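Enquirer: I'd like to ask some things about the structure below.
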Amino acid sequence: MPIYNQIGKTYNTTRKADPRITEILLQELDVKPFSTILDIGAGTGNYSYELAGKGYDVIALEPSEMMRAQAKTHRNLRWKEGFAENIPLEDNSVDGIVCTLASHHFQDLSLSFREMKRVIKGDGKIVIFTLDPRLCHSYCWLFDYFKPILESAYLIHPSLNKLSQLLKQQLERPVKIVDYPLPFDLKDHFFFSAWRKPELYLDRNFQKGTSPLAKGEDVKVCLDKLKTDLECGSWYEKYKHILELKEYDCGHFFLVV
């Protein structure tokens, strides 16, 4: 069962398309106007909608019924139920493919990448926005509070090296890596987006919109510690310098194939 069938009831409350991420997706896709773009693991269609609004013909592929029930609509946007491992499209049928923070939910990465290769036209590009939690440096304050969650993410997220090598092997193309330090004012509130706003991690809507907090077993202990340290001021004593930063490297990047 898709995880967001269980935890995605209020997804759109906190998850919005960030225009800077949208801009990089389009910049790296480098597709002509009116091209067909496939968005794999589209969720409720936040990025699909933005791409459609820029004049592209977008196909949003999403397995979760809960996500599709909240789906955004646009005249240039078509929805399809399905998984990355079995894309319900014909061979060579799309001009470009995007996937934003969804590849870690794929059950079989090799098969998913082969499916991408099958449906994309010969000169089309694939742009995947994801992360490797191993690249989130140990000095990051989140390790002080969410270490069990971050370490469990190692089992879900393949390393950058493994992911890029697998893409190269399955797509038989070179892989470009574009690092993406996170801005402090992201519109899309995924787990690491609140690195400069620690109080957001205590917000129930924020928690429900990100899978590590919505389904993690060790969440309560982590949140209780953070709440206590924010209330007594010890978080600010130790990490007040964080509040002056404009961006923070939490291990996120774009893979372009």
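The values are calculated or read from the model by the stated rules, or taken from the named source; none is laboratory data. Just so it is clear, the structure is predicted and the values come from calculations on it, not from any experiment. No Cβ is skipped: glycine too gets one built from the backbone with ideal geometry, and neighbour counts run over all protein chains shown. Areas reflect the complete protein model, heavy atoms only, side chains present, ligands, DNA and RNA absent. Shrake-Rupley method; radii C 1.70, N 1.55, O 1.52, S 1.80 Å.
Enquirer: Using helices alone, what [θ] at 222 nm do you get for the chain, with -39,500 (n - 2.57) per DSSP H run of 4 or more residues, divided over all residues and rounded to the nearest 500?
Expert: -10000 deg cm²/dmol
Enquirer: Moving on. How many percent of the accessible area of the chain is carbon or sulfur, using a 1.4 Å probe?
Expert: The nonpolar share, carbon plus sulfur, comes to 49 percent.
Enquirer: Hey, can you find the accessible area per residue of the chain for me, probe 1.4 Å, expressed in square angstrom?
Expert: On a per-residue basis, 48 Å².
Enquirer: With Cβ to Cβ distances under 13 Å as the rule, what net charge do the other residues near Leu255 carry (K, R +1; D, E -1)?
Expert: +2
Enquirer: First obtain the Kirkwood hydrodynamic radius of region 157-257 from its Cα pairs, then insert it into the Stokes-Einstein equation at 25 °C and 0.890 mPa s, and state the resulting D in µm² per second as a whole number.
Expert: 156 µm²/s
Enquirer: Quick one: dipole size for region 53-155, taken about the Cα centre, charges +1 on Lys/Arg Cβ and -1 on Asp/Glu Cβ, in debye to the nearest 20.
Expert: Its charge dipole is roughly 300 debye.
Enquirer: How tilted is helix 160-171 with respect to the longest principal axis of the chain? Cα atoms for both, answer in degrees (0 to 90, nearest 10).
Expert: Here the helix axis deviates by roughly 10 degrees.
Enquirer: Keeping every protein chain in place, order Arg204, Arg196 by accessible area at 1.4 Å, biggest value first, i.e. largest first.
Expert: Sorted by accessible area, descending: Arg204, Arg196.
Enquirer: Please tell me which of these pairs span more than 19 angstrom C-alpha to C-alpha: Lys208/Lys246; Lys54/Lys117; Lys187/Lys208; Lys32/Lys121?
Expert: Going by Cα-Cα distance, Lys208/Lys246; Lys54/Lys117 fall outside the 19 Å limit.
Enquirer: How big is the accessible area of Glu23 in square angstrom, nearest 10, if you roll a 1.4 angstrom probe over the protein chains?
Expert: 110 Å²
Enquirer: What FRET efficiency would be calculated for the residue pair Asn86, Lys147, taking the C-beta separation as r and a Förster radius of 35 Å, to the nearest 0.05? Intermediate results must be reported in sequence, preceding the final value.
Expert: Details: r = 36 Å, r/R0 = 1.03.
The value I calculate is 0.45.
Enquirer: A further question on this structure: If I take all pairs of Cα atoms in region 1-134, what percentage of them are more than 20 Å from each other?
Expert: Roughly 39 percent, rounded to a whole number.
Enquirer: Could you pull the accessible area for Phe106 with a 1.4 Å probe, rounded to 10 Å²?
Expert: Phe106 has an accessible surface of roughly 30 Å² with all protein chains in place.
Enquirer: Report which label in (1) 36, 25, 17; (2) 32, 19, 17; (3) 38, 26, 15 holds the value of semi-axes √(5λ) of the Cα gyration tensor in Å derived from the coordinates of this structure.
Expert: (2)
Enquirer: How are the alpha carbon pair distances in region 82-206 distributed across 10 Å bins from zero to the largest one, expressed in percent?
Expert: Percent of Cα pairs in each bin: 11, 38, 30, 17, 3.
Enquirer: Right, here's the next one. How do Ser159, Ser211 rank by accessible surface area computed with a 1.4 Å probe, from largest to smallest? Please report the intermediate quantities before stating the final value.
Expert: Working: Ser159 35, Ser211 10 Å².
Largest to smallest exposure gives the sequence Ser159, Ser211.
Enquirer: From Cα pairs below 8 angstrom and at least 6 apart in sequence, can you work out the relative contact order of region 1-145, rounded to a whole percent? Don't skip to the end; give the middle numbers.
Expert: On the way: 250 pairs, mean separation 34.1, N = 145.
24 percent.
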